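Peer 1: Attaching a single structure in structure tokens format; questions to follow.
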Amino acid sequence: MKRIKGPRFMLLLLLSLTLLGAQINQVWPHSIKSRLSQGEVVNILLMGIDARPGEKNSRSDTMIVASINYEQGKIVLLSIPRDTRVEGWDRNGKINMINQLKGPRESCKEVSRLLGKEVDYYILTNFQGFEKMIDILGGVDMDVDINLESYSQDVYLQKGHRHLDGKEALTYVRFRENQEGDIGRTARQQKLLKALAEKMGRKETVARLPQLIAQLRENVQSNISLSDIVYLANLIPGLKEDDIISQTLPGYHFVDPYSGASYWEVDGEIARSIIDSLFKGEHFEVQLQSPPWAKDY
């Protein structure tokens, strides 16, 4: 099996953050290393939450499945819109509510049901910690693709290449008050991770590690064993951009005529085959055509 090669990239950042700051909740009997070495594809659920002080669980504002295929030397990053409708919880269930109601392990189970794949592992990050981390790093440089005015956050951005502090960066990637909604947000979230990865790779970041570690210990949780995190962190430093396949789970906007609640309605057949298809080189349009009975935004 080949070793993944190329420059640093976003998963090195995510796994390194977990190595530095995670609260290890459980050591799995079958390690990620052994599963990858046996040719299995390993799926890890990455979640960003906005927990307030004292809250144990909160809605998952960001959900990305990182699917690692060691034999191919490829990784799929599949973004799941937070308004994705799920069945079996209640008539109006959204996938982002599950972490708040039942915790990250149940979120993994629901994503497993949605995709028809085992999703046993999770990395959960509090956005408050991410904002502070960006400030500790001295901000990030990003290409802002929208004109943004957020009166509630007191953040006002113009299109173009900008240097953003933590508050500005988080407001930008979480902004959804335009026609793109969650679909635009998933692309911006990936841009932020890339910008953070670039900043983390700079030499001057080393001097700021003690402050970063303190923040990460408060704001990152995972059920991945420390030995597996070390293994993954050593496996991925050579990752090339072409080795990462990014995709948002296809679907269409749907408004429940009874409650008025809006959802992202996923095509179940596509969802259950999408990871395998992406590894085969296929790509999917994110916005599917709504059926006649569905009410669009």
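Peer 1: So between GLU149 and GLN100, what do we pick up on full extension, going 0.36 nm a residue minus the alpha carbon distance?
Peer 2: Full extension of this stretch gives 14.8 nm more.
Peer 1: I would also like to ask the following. Along the Cα→Cβ direction, 7 angstrom out, place labels at ASP165 and GLN289. What is the inter-label distance in nm?
Peer 2: Taking the two extended label points, one gets 4.9 nm.
Peer 1: Here is a follow-up. Full-extension gain between ALA261 and ALA214, please, as 0.36 nm times their residue separation minus the C-alpha to C-alpha distance.
Peer 2: Length difference between fully extended and current span is 13.0 nm.
Peer 1: Continuing with this model, one more query. Amide H neighbours of SER58 under 5 Å, counting only residues 5+ apart in sequence or on other chains, H built in-plane at 1.01 Å?
Peer 2: Residues meeting the criterion, in which the H sits 1.01 Å from N, are GLN100.
Where a number appears in this text, it was derived from the coordinates with a stated rule and is not lab data. Keep in mind it's a predicted model, so treat the numbers as computed, not measured. So basically every Cβ, Gly included, is an ideal-geometry build from the backbone, and we count neighbours across all protein chains shown.
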